[in-house]
Amino acid sequence: MTKNIVVIEGDGIGPEVTRQSVKVLNSIAEQFGHEFNYSYHLMGADAIDKTGNPLPDETIEASLNSDAILFGAIGHPKYDNDPTAKVRPEQGLLKLRKSLQLFANIRPVSTYPALHHLSPLKTKNIEDVDFIIYRELTGGIYFGKKETDADGNRALDDCTYTREEIERIAHLAFKQAQLRRKKLTLVDKANVLETSRLWRKVVKEIAAQYSDVELDFLFVDNAAMQIILNPKQFDVVLTENMFGDIISDEASVISGSLGLLPSASVGKGSALFEPIHGSYPQAAGKDIANPLGSILSAAMMLDHFGLHKEAELVRTAVNWTLQNGFVTKDIDPVNFYFTSTIGELISDFVGNKFPGDINKANIELRKSTII
Ligand code: IPM
Ligand code: MN
């Protein structure tokens, strides 16, 4: 299989984690006889520095013509505390989502026994947690009319949804539920918001086409609580853009490391794959960031290509590193391995060099000496 992949390394730790995914994808390509061609493009603070524009046209063009996009991270502290900044890195990502019509952001949340001790929640509450969030990504308050009055004392962000915007993601979420435990939870604020009432109405109507799926509803404030109190209850969670942004970050800490969670943004054409962590500027260039979020995003990309065996092998390799303690500093601050070493270990595993001839002594050499 031949695939053309646009790589947007982005800001902060984006480049170093994305490079590990490319290593792993190359190893998969070699092992299974595929051809992955990469072209590198700019977005975010990196793009502003180099071109003045957070999303150059040529990045949009290349992305539209690609089979998939592998993206690192976006954001730089120099823009975060400056409300007067006219150009912001995040505008690049929002525009790319809109330009490619990436209307569904998919975030699986699962836990790993090797990391249970890092979770802020009790182990008994997180064992076997396995749910997936479908967040609407191109509508709602993020993309509504925005205004600030001339005197600077009143501002407005409009929140609009149309039936069509709700229907298309709802179908994806119901189909996913059918492949899983057949439960879908719509998270909204239908006791207050008109848009939420539309979501409820449309999703209820669509539910009739998926009679094997049990549908329930939660107000977002309650959902925020339930995700912490009893995350096992969820299977597929469907929600609008802003609520999804918030509850997916909340859900991401359950596993014990934000660095591990992948995501896919899908729409009408080419899909985008990115770890859910941010640009983590404090760690940039130090080779200490966790590349697993990016590598697992690459696995989602393989699934998206229909390469399920290959995706499963990447996930097996990731589990193997975790089980053997080959982990980055966020997971073990004393006995940790570098970002690039984890990338090599996983690509070696995928390339069938492990575990038969696993040479722990060799791997030990690549361990950090920083204490
Ligand atoms: C995310 C991020 C973005 C969002 C930012 C960077 C615009 O937080 O992907 O969740 O709010 O959607
Ligand atoms: Mn977010």
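The values are calculated or read from the model by the stated rules, or taken from the named source; none is laboratory data. As the structure is a prediction and not an experimental result, all values here were calculated from the model. Cβ sites come from the backbone with ideal geometry, for glycine too, and all protein chains shown count toward neighbours. The area values use the complete protein model at the heavy-atom level, side chains included, leaving out ligands, DNA and RNA. Shrake-Rupley method; radii C 1.70, N 1.55, O 1.52, S 1.80 Å.
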>> If I ask for residues that are within 20 Å of the chain's Cα centre (by Cα), open to solvent by 20 Å² or more (accessible area, probe 1.4 Å) and hydrophobic (A, V, I, L, M, F, W, C), which ones from region 72-92 would you list?
In response: ILE74
> What is the one condition in (1) under 21 Å from HIS116 (Cβ atoms); (2) among the β-branched types (Val, Ile, Thr); (3) surrounded by fewer than 21 Cβ atoms within 10 Å (Cβ to Cβ) that THR328 does not satisfy?
Replying inline: (3)
> Between residues in region 1-30 that are part of a loop (DSSP other than H, G, I, E, B) and residues that are surrounded by 22 or more Cβ atoms within 10 Å (Cβ to Cβ) and charged (D, E, K, R), which pairs lie under 9 Å by C-beta distance while being six or more apart or on different chains?
Replying inline: ASP11/ASP46
> Within region 269-288, how many residues turn out to be more than 16 Å from ligand 2 (Cβ to nearest atom), assigned to a loop (DSSP other than H, G, I, E, B) and either crowded, with 21+ Cβ neighbours inside 10 Å or in contact (Cβ under 8 Å) with a residue 24 or more places away in the chain (or both)?
Replying inline: 6
> Failed condition for LEU115, given (1) within 30 Å of THR321 (Cα to Cα); (2) at pLDDT below 95; (3) in contact with a Gly (Cβ under 7 Å, 6 or more places away or on another chain); (4) open to solvent by 20 Å² or more (accessible area, probe 1.4 Å), with all others met?
Replying inline: (4)
>> Can you list residue pairs whose Cβ atoms sit under 7 Å apart, with the first residue in region 241-255 being under 22 Å from GLU165 (Cβ atoms) and the second being in a loop (DSSP other than H, G, I, E, B) and more than 9 Å from ligand 2 (Cβ to nearest atom)? Count only pairs 6 or more apart in sequence or on different chains.
In response: ASN241/LEU137; ASN241/GLY139
> Consider SER265 against the criteria (1) in the same structural domain as ASP46 (by TED's automatic domain parsing); (2) open to solvent by 10 Å² or more (accessible area, probe 1.4 Å); (3) not in a loop (DSSP other than H, G, I, E, B): it satisfies all of them except one. Which criterion is unmet?
Replying inline: (2)
>> Checking ILE141 against (1) β-branched (Val, Ile, Thr); (2) open to solvent by 40 Å² or more (accessible area, probe 1.4 Å); (3) over 21 Å from the mean Cα position of the chain (by Cα), only one condition comes out false. Which one?
In response: (3)
>> Could you check region 47-68 and list, in sequence order, the residues that are closer than 30 Å to ALA85 by Cα, touching a strand residue (DSSP E or B) at 6+ places or on another chain (Cβ under 8 Å) and open to solvent by 40 Å² or more (accessible area, probe 1.4 Å)?
In response: none
> Mind checking which residues of region 218-247 are open to solvent by 60 Å² or more (accessible area, probe 1.4 Å) and more than 16 Å from ligand 1 (Cβ to nearest atom)?
Replying inline: PHE219, ASP221, MET225, ILE228, LEU229, ASN230, LYS232
